[in-house]
Amino acid sequence: MSSATDSSRTEFWLGLQTWEQAEWLRAFGSKGVCLDATHNSTRYNFKLITMIIFYVNRKRYHLINVQAICGPDREFYNIIAKYPGSTHDSRIFAQSAVFRDFEAGQIRSTLVGDAGYACKPYLLTPYDRLVRNPTKGRFNKYHAKTRVCIEQAFGCLKRRFHVLHGEIRLPDPNKVCAIITACCSLISMILLTIRWLKSIKQTISKEEAALDHWCAIRLPAI
């Protein structure tokens, strides 16, 4: 957690073991690793007007554009929180370390992204909606079904940490980015803990069921 609040770092790998052990794109629509970006509103008090302009997005809000990669369980695997709101999603991905790893073949997996990204051998994007083709339409349907987990992850993140749902009132963008990254780390830890507790509960239930079955066979009825 201390590394997540270090403002000198701008890209973080979260849950790397889960990333390596996940089931990739099972039946294309049930499992997938999704790539997307979200905007976090903030308030700035900069003296340099030129700096403020870079943080204004197309809707004229002051924002931080955050890129995230998550899995089907809505756990964040990779977070980049450093770019102003005027930066395009595809540019953030093209300048990231995870992009270089995919290009070099160090990560053998598949990402699912929206139409804002360029289609790559490792990055599946939807077909143009204006193209009327039944096959491509079915592809887009399952693509959207797979990619919905990243939207759900952003929604859960902003509801769990309400500071991200509204306006972050800090004058320093580095602190804003540190808060966003820390919240992503915390919610991933929460989800991992919940899943771990569920697995323990299932193991205990199986052991109790096995013990009851053994007692019913071995012990005489009273």
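Couple of notes before you dig in:
- Selection within region 98-134 - in a helix (DSSP H, G or I) and modelled with pLDDT under 90: Val98, Asp101, Phe102, Pro134
- Of all residues in region 67-94, those being within 22 Å of Thr110 (Cβ to Cβ) and part of a strand (DSSP E or B) number 9.
- Taking the numbered list (1) surrounded by fewer than 18 Cβ atoms within 10 Å (Cβ to Cβ); (2) touching a strand residue (DSSP E or B) at 6+ places or on another chain (Cβ under 8 Å) in turn, Thr87 passes all entries but (1).
Okay, residues lined up against (1) touching a Cys at 6+ places or on another chain (Cβ under 9 Å); (2) of a type in the set (Gly, Ala, Ser):
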| position | (1), (2) |
| --- | --- |
| Leu157 | yes, no |
| Gly166 | no, yes |
| Leu170 | no, no |
| Ile190 | no, no |
| Arg195 | no, no |
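- Evaluating Cys156 against the criteria (1) at pLDDT below 85; (2) in contact with a helix residue (DSSP H, G or I) (Cβ under 9 Å, 6 or more places away or on another chain) leaves one unmet condition, (1).
- Of all the residues in region 164-192, those that are closer than 14 Å to Cys70 by Cα and β-branched (Val, Ile, Thr) number 2.
- Against the test of being touching a Pro at 6+ places or on another chain (Cβ under 6 Å) and not in a strand (DSSP E or B), the options Cys149, Cys156 yield a single qualifying residue, Cys149.
- When each of Tyr127, Tyr142 is tested for being touching a residue at least 12 places away in the same chain (Cβ under 8 Å), more than 20 Å from Gln67 (Cβ to Cβ) and in contact with a Lys or Arg (Cβ under 8 Å, 6 or more places away or on another chain), the lone residue that passes is Tyr127.
The values are calculated or read from the model by the stated rules, or taken from the named source; none is laboratory data. Please read these numbers as outputs of a predicted model, since none were measured by experiment. Cβ atoms come from the backbone with ideal geometry, glycine included; neighbour counts cover every protein chain shown.
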